[in-house]
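The values are calculated or read from the model by the stated rules, or taken from the named source; none is laboratory data. The structure displayed is predicted, hence computed values, not measured ones. So basically every Cβ, Gly included, is an ideal-geometry build from the backbone, and we count neighbours across all protein chains shown.
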Amino acid sequence: MIEVAASRPAPVLRTGSHGDSQLRQIWRAFSRNRLAVAAAVVIVLLYGLAVLAPSIAPQDYRAFNAGQPLKPPSAEHWFGTDRQTRDVFSRVLVASQVSLSVGLVSVLLITGIGVSLGALAGAAGGGVDEAIMRFIDIVLAIPQLFLLIAAAALFTPSLVTTMVVIGLTSWMSTARLVRGEFLRTRSLDFVLAARALGAPGHRIVLRHLLPSAVAVIIVQSTLWLSFAILLESTLSFLGLGPQPPTPSWGAMLADGRVDMQRAWWETVFPGMAIFITVLAFNLVGDGLRDALDPRQRSR
Amino acid sequence: MTPSNRRYLLRRLLLLVPLLVGLTIVVFALIHLAPGDPALAFVSEGSIDPQIVAQVRKNLGLDQPLPVQYVIWISHVARLDFGTAYTFNGTPVIELIEQRLPATLVLQTAALALSLAVSIPLGIVSAKKQYSAIDNTATAGAFLGLALPNFWIALMLQLLLAVSLGWLPASTPGTDETTGIARLKYLVLPVIVLALPTLAVFTRFVRSSMLEVIKQDYVTTARAKGLSEPTVTYRHALKNALIPMVTVVGTQLARLLGGAVVVEYIFAWPGLGSLAYESILKRDYPVVLALTLLTGAFILVVNMLVDVAYTLVDPRVSFR
């Protein structure tokens, strides 16, 4: 979307007061949803914490505290210590980097692939459309988690593998929605008018069809941020995500599971972190949908 | 049924063939293009003798070009012969699947039944009393249910119900406990964990579908005729509200089957999900291929049936 905006030849007058008021309308609708605004603040805080994590963490996430395995939460170790005597709070903080960056990169991939294929299917129609949609049917028939675990295990598990694998197995719903949006707008008067004026195909796609789909794309991307983080934590939990020493919430849960009976803090805190992050993205995504796309509104 | 609908159904049925063929190609390509040598799964870790590895590759047919391997594989698959597993003591794949299938079926059926049994009444009440305490709780619950990773719910339930309170077993039964009732309690936790996300989706769906139907003229008419509120809700509104549910149940099946991998792994449930996880880690290609293919085919067939059921149930739906 950014590229589309940048390629517009004469943007100054066009994006003046008119676009501004639309943005303000959207903001007004969004800000009425207090929960979504609160969740947006939480997300900003989470990213801030993730960026600053190495410097604000009370301890290095790899540091051992000799003789203090599985200590319950205290003033010294807010979230207690794990079996290897490391500070759980510091590890939860640093692990946020994994989840949040996997979320961002995967969603870039999901949006990139989904929008390209969806736009191609919607704009080209005919055999191309049919082929892409049937391919999506096939991929969607394989349970995603199945595909994800297989791909993550067959390629060497790592941070990059996790990002790529989630991206490659999650773009289908975005593609379907973008295609649907293209099909809907393709026959609307303003597009017919543009075509009648002799606008070339690529111009119709970039200037008319794609901008109409932006709302759907933004909402999908936000929601997929939350799904991608859930998927990443699942992979990490199964030992197929980023590998140690990189800490991730899912892997911490898998570790903590062994001592669950004696040390609840090892499984409760990383889980809460996943939960809060995913919930925040979900709420913002839902708020955005209501503000941007009243037709899709979830009651 | 109109002729156009009949034509649609026929086309939908025929479409299944290219979809299934496409599925076999996608699955085969995915697994064989990945790096990693399955032959290594055969030789003991200490003695990676290149000669032995080469011999193993030859015996497995892995030295053939991929298209040849595909044709050989597909001609066997067409006869439902999935070969023998590389690991698992070389058991025939179909036998492995037969052994594990019942456990998964029990789990899946129970989870689906639980989701439906809870979500339909809950969705109806939520819609009838929009923004009431029940509705708000259900909405909040659905949000939480979708934001909580199911493996974490599993751990927390184990921690609370099995470890702290000791009400339920944390894992699967040993072979000694075979009586029905004793086994039933092992089912509780896995079923709850597996059902939660699906339950959340269903509840949201029944609610919004009900809300849409309740506003329609024919419901107002039914009420104006003096029918009792329960009759209006259950006989008139609910029937139409549940029709689109067919589609949602269809799409959630894939999610339930995928969720089985994690849930069966956590609760050591001896089903297809844990078989999938084990065989993927062991790079046991024949098992992974068979499982992916069978689940994919199952879901394609279910989707087809859902589409067909939809045209049969809702006469308003018509296709070109």
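Of these, A:Leu209, A:Leu230, A:Leu238, which one is under 23 Å from A:Ala39 (Cβ atoms) and in contact with a helix residue (DSSP H, G or I) (Cβ under 7 Å, 6 or more places away or on another chain)? So that I can check it myself, show each step before the final result.
On the way: A:Leu209 fails: under 23 Å from A:Ala39 (Cβ atoms); A:Leu238 fails: under 23 Å from A:Ala39 (Cβ atoms).
A:Leu230 is the lone residue from the list that is under 23 Å from A:Ala39 (Cβ atoms) and in contact with a helix residue (DSSP H, G or I) (Cβ under 7 Å, 6 or more places away or on another chain).
Given the residues B:Leu160, B:Leu114, which is the only one that is part of a helix (DSSP H, G or I) and within 14 Å of chain A (Cβ to nearest Cβ)?
One residue alone meets the criteria, B:Leu160.
Restricting to region A:240-250, give me the number of residues that are under 21 Å from the mean Cα position of the chain (by Cα) and either free of Cβ contacts under 8 Å to residues at least 24 places away in the same chain or within 11 Å of another protein chain (Cβ to nearest Cβ) (or both).
The total comes to 3.
Output the number of residues of region B:121-153 satisfying the condition of being over 14 Å from B:Arg204 (Cβ atoms) and at the interface with chain A (Cβ under 9 Å from one of its Cβ atoms).
Total satisfying the criteria: 6.
Run down A:Val107, A:Val98 and say which single residue is within 29 Å of the chain's Cα centre (by Cα) and either at pLDDT below 85 or under 30 Å from A:His208 (Cα atoms) (or both).
A:Val107
Across region B:65-95, what is the total count of residues that are in contact with a strand residue (DSSP E or B) (Cβ under 9 Å, 6 or more places away or on another chain) and among the β-branched types (Val, Ile, Thr)?
3
Tell me, which helices (runs of 4 or more DSSP H) lie completely within region B:1-77 with 2 or more residues that are within 14 Å of another protein chain (Cβ to nearest Cβ), modelled with pLDDT of 70 or more and closer than 27 Å to B:Val308 by Cβ? Before you say what the answer is, go through the steps one by one.
On the way: elements: B:3-33, B:50-60, B:66-77.
In region B:1-77, B:3-33 are the helices (runs of 4 or more DSSP H) which contain 2 or more residues that are within 14 Å of another protein chain (Cβ to nearest Cβ), modelled with pLDDT of 70 or more and closer than 27 Å to B:Val308 by Cβ.
So if I check each of A:Thr174, A:Thr162, A:Thr185, which one is in a helix (DSSP H, G or I) and in contact with a Pro (Cβ under 7 Å, 6 or more places away or on another chain)?
Result: A:Thr162 is the single residue among A:Thr174, A:Thr162, A:Thr185 that is in a helix (DSSP H, G or I) and in contact with a Pro (Cβ under 7 Å, 6 or more places away or on another chain).
Are any residues in region B:249-273 aliphatic (A, V, I, L, M) and modelled with pLDDT of 85 or more, and if so, which ones?
Answer for region B:249-273, where residues must be aliphatic (A, V, I, L, M) and modelled with pLDDT of 85 or more: B:Val249, B:Leu253, B:Leu256, B:Leu257, B:Ala260, B:Val261, B:Val262, B:Val263, B:Ile266, B:Ala268, B:Leu272.
Which condition does B:Val246 not pass, out of (1) at pLDDT 85 or above; (2) more than 9 Å from chain A (Cβ to nearest Cβ); (3) part of a helix (DSSP H, G or I), if it passes all the others?
All conditions are met except number (1).
Could you give me the residue pairs with C-beta distances under 8 Å whose first residue belongs to region B:48-73 and is among the basic types (Lys, Arg), whose second residue is assigned to a helix (DSSP H, G or I) wherever it lies, and which are 6+ apart or on separate chains?
If the second residue must be assigned to a helix (DSSP H, G or I), the pairs left are B:Arg57/B:Ala39.
Each row is one residue, and each column tells you yes or no for (1) of a type in the set (D, E, K, R); (2) surrounded by 17 or more Cβ atoms within 10 Å (Cβ to Cβ); (3) under 29 Å from B:Tyr285 (Cα atoms).
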| site | (1), (2), (3) |
| --- | --- |
| B:His76 | no, no, yes |
| B:Leu105 | no, no, yes |
| B:Thr109 | no, no, yes |
| B:Asn136 | no, no, no |
| B:Phe143 | no, yes, no |
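Take A:Leu223 and decide whether it is within 14 Å of another protein chain (Cβ to nearest Cβ), assigned to a helix (DSSP H, G or I) and either closer than 25 Å to A:Ala95 by Cα or out of contact with any Pro (no Cβ under 7 Å at 6 or more places or on another chain) (or both). Reasoning before the result, please.
On the way: within 14 Å of another protein chain (Cβ to nearest Cβ): yes; assigned to a helix (DSSP H, G or I): yes; either closer than 25 Å to A:Ala95 by Cα or out of contact with any Pro (no Cβ under 7 Å at 6 or more places or on another chain) (or both): yes.
Yes, satisfied.
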